[in-house]
Amino acid sequence: MKQLFSTAILSLLAIGAFAQKNDGTTKSLVNAEKDFAKAIAKNGDKESYLEYSLASALVFRPNPVNVKTFYNAQSKGENSVSWEPNLAKVSRSGDLGFTTGPYVLDGAKKEYGQYLSIWKAENGKWKLAIDVATSSNKPLDKVTPKFVEPKDHVAPKFLNEKELKAGKDIITTTEKTLNTLLKTHGIAAFGGFLTEDARLLFPGNEAINGKGKIISFYNGMISKINLKTTGVDKAIGSDLAYTYGVATIDYKADLRESFNYVFVYEKAADASWNLIVQAFVPAER
């Protein structure tokens, strides 16, 4: 009996490890995300976030805070949130990926929103690096899931600190250029930095999909936007990257508001870096 019990426990642990396994595919990332959601439903968010996250992971609650700092301070975990990814992509090197989609908070009154998760590889498993979510009304549009597999696989190469920094500096410079153009050319500057199928997550709205719809949304309500980048990371395969920071937005209604943001960049065929996902959440001061 003791032997059978031990075997059962080992089998369960193996199943959990397999669910988080990173084999370099987007499918494996989506499976890890779904397994994470099941873990929260069963064990609560405190235990699950600590298990599935990097030690350096940031959760936006709403300001960025280290995952361990935040959840170790919680007295108990909540398991009333559920979500399902409908867009996911993994870098060619298999070390960085993202998932995004709608979530539901099932309390006394149901709350809805959109989330963005950045995942990184650690010891052959997918681990959460960034977690941000923004509230919205109940989604009405049905979105066909789009899970984009890498076009090929580039084995990660050993890079020294100087080379890693140089790669990140390219993304930092790209965002600085974007911010400069936002100041000189206004919101229209986003047009030169968005992929055709980009997605915007903005408080109070369903996910806004497509470059044209995003530009139309910005033009309709925003007068100015200023970005202050505080963090950058990039895939070793040099095709996906992300940034986070604080955005100051001036609305056309003569109102200013601060947001925390997370941007996901994708490298184009011409070697330029373009925005594939943007997520904003109100910042607390």
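Structure notes:
- Heavy-atom accessible area ranking, 1.4 Å probe, most first, across Arg199, Arg61, Arg256: Arg256, Arg61, Arg199
- Applying both filters, DSSP loop and at most 16 other Cβ atoms within 10 Å, to the trypsin sites (Lys or Arg not before Pro) of the stretch 29-65 eliminates every site.
- Mean separation of Cα pairs under 8 Å and 6 or more residues apart, divided by the residue count, gives the stretch 192-251 a relative contact order of 26 percent.
- When +1 charges are put on Lys and Arg Cβ atoms and -1 charges on Asp and Glu Cβ atoms, the dipole computed for the stretch 200-285 relative to its Cα centre reaches about 160 debye.
- Which of Ala73, Val132, His153, positive extreme of dipole for the chain (C-beta unit charges): Ala73
- Accessible-area composition of the stretch 152-285, carbon plus sulfur, in percent [1.4 Å probe]: 54
- Seen against the Cα atoms of the chain and their longest principal axis, helix 161-185 is set at about 40 degrees.
- Selection among Ile225, Gly237, Thr195 by position relative to the dipole of the stretch 112-251 gives Ile225 as farthest towards the positive end (Cβ unit charges, Cα centre).
- Overall, the chain carries a charge dipole of about 200 debye about its Cα centre when +1 sits on the Cβ of Lys and Arg and -1 on the Cβ of Asp and Glu, all other atoms neutral.
- Relative contact order computed over the stretch 33-95 (Cα-Cα under 8 Å; 6+ residues apart), in percent: 40
- Computed packing ranks the peptides 240-246, 219-225 as 240-246, 219-225, most packed first, by mean other Cβ atoms within 10 Å.
- Residues of the chain: accessible area per residue with a 1.4 Å probe, Å²: 52
- Relative contact order of the chain, taken over Cα pairs closer than 8 Å and 6 or more residues apart, is 15 percent.
- Given charges at Cβ of Lys, Arg, Asp, Glu: the stretch 49-188 dipole, positive-most of Leu178, Pro62, Ser91: Leu178
- Student exercise, the stretch 144-233 dipole from Lys, Arg, Asp, Glu Cβ charges, in Debye to nearest 20: 300
- C-alpha center-to-center spacing [the stretch 132-202, the stretch 46-116] in angstrom: 19
- Summarising the strand pairing of the chain, around 85 percent of its internal DSSP beta bridges are antiparallel.
- Pairs from Lys142/Lys267; Lys109/Lys224; Lys46/Lys127 whose Cα-Cα separation, in the structure shown, is over 23 Å: Lys142/Lys267; Lys109/Lys224
- Using alpha-carbon coordinates, inclination of helix 2-19 to the longest axis of the chain, degrees: 20
The values are calculated or read from the model by the stated rules, or taken from the named source; none is laboratory data. Predicted, not measured: the structure shown is a model, and the values here were computed from it. Because the Cβ atoms are built from the backbone with ideal geometry, glycine has one as well, and the counts that use them run over all protein chains shown. Each accessible area value is taken on the protein alone, full model and side chains, heavy atoms only, with ligands, DNA and RNA left out. Shrake-Rupley method; radii C 1.70, N 1.55, O 1.52, S 1.80 Å.
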